[in-house]
Amino acid sequence: MKTNIIQATILTLCCIVFFCGVYTAIVWGIAQFSPNSGKGEIINYRSSNGIVKYGYANVGQSFTADKYFWSRPSAVNYNAAGSGGSNKAPSNPDYLKQVKATIDTFLVHDPEVKKSDVPAEMVTASGSGLDPDISPKAAFIQVKRVARTRNLPESEISQLVEKHIQKPLLGLFGPSIVNVLQLNIDLDRLK
């Protein structure tokens, strides 16, 4: 019995040292080679009213004005400190009511879009609730609203979306995506 307790204590101490010290130092060291030393990609920009703002390119943000492309809904109200999904099943009545309300809101602001054409990602939150990207389809479906609100040609807005499409890594890994914050910053720069 005494032998087992000593071995268990030694194993526990070794695990604490490794996972709290060595492993953490390795991950921290690798992060130092990423942009902004692993603290996220911070984007500074000047808003249309001249105020300098900043945003995190890798964290979803709320855009609700018709003159902007909208992000995915967030189950955590875009709070990076509380990342997570809603944990509601697709059959949950509250969840279904929330999705229906989100679809109705989207269709009010984008009346030319048919209900069946609304991308699922525009009415459902991601697993983290912080997804900064939408699919090209979700971006293109918003082009008419943004162009109409800003009195710009749809072709100009579509070209801007095309410019912001990030292809899959090595052409194989992951889907094509559009970063909503970067797209909206460039949208504000259009005159």
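The values are calculated or read from the model by the stated rules, or taken from the named source; none is laboratory data. Source: prediction; values computed, not measured. Every residue, glycine among them, receives a Cβ derived from its backbone with ideal geometry; neighbour counts consider all protein chains shown.
Quick notes on this structure:
- Test result for A81, modelled with pLDDT under 85 and either among the polar types (S, T, N, Q) or in a helix (DSSP H, G or I) (or both): yes
- Condition broken by K88, with the remaining ones in (1) within 30 Å of L160 (Cα to Cα); (2) charged (D, E, K, R); (3) assigned to a loop (DSSP other than H, G, I, E, B) satisfied: (1)
- Selection from region 110-121 of residues that are surrounded by 15 or more Cβ atoms within 10 Å (Cβ to Cβ) and either not in a loop (DSSP other than H, G, I, E, B) or not assigned by TED's automatic domain parsing to the domain that holds L183 (or both): E121
- Residue in region 122-134 that is in contact (Cβ under 8 Å) with a residue 60 or more places away in the chain, among the aliphatic types (A, V, I, L, M) and part of a loop (DSSP other than H, G, I, E, B) present: yes
- When V99 is tested against (1) modelled with pLDDT under 80; (2) surrounded by 14 or more Cβ atoms within 10 Å (Cβ to Cβ); (3) hydrophobic (A, V, I, L, M, F, W, C), just one condition goes unmet, and that condition is (1).
- Flag for S135 being in the same structural domain as V178 (by TED's automatic domain parsing), modelled with pLDDT under 85 and closer than 23 Å to I43 by Cβ: no
- Between L152, L130, L187, L181, the distinction of being touching a Leu at 6+ places or on another chain (Cβ under 8 Å) and within 21 Å of I43 (Cα to Cα) belongs to L187 only.
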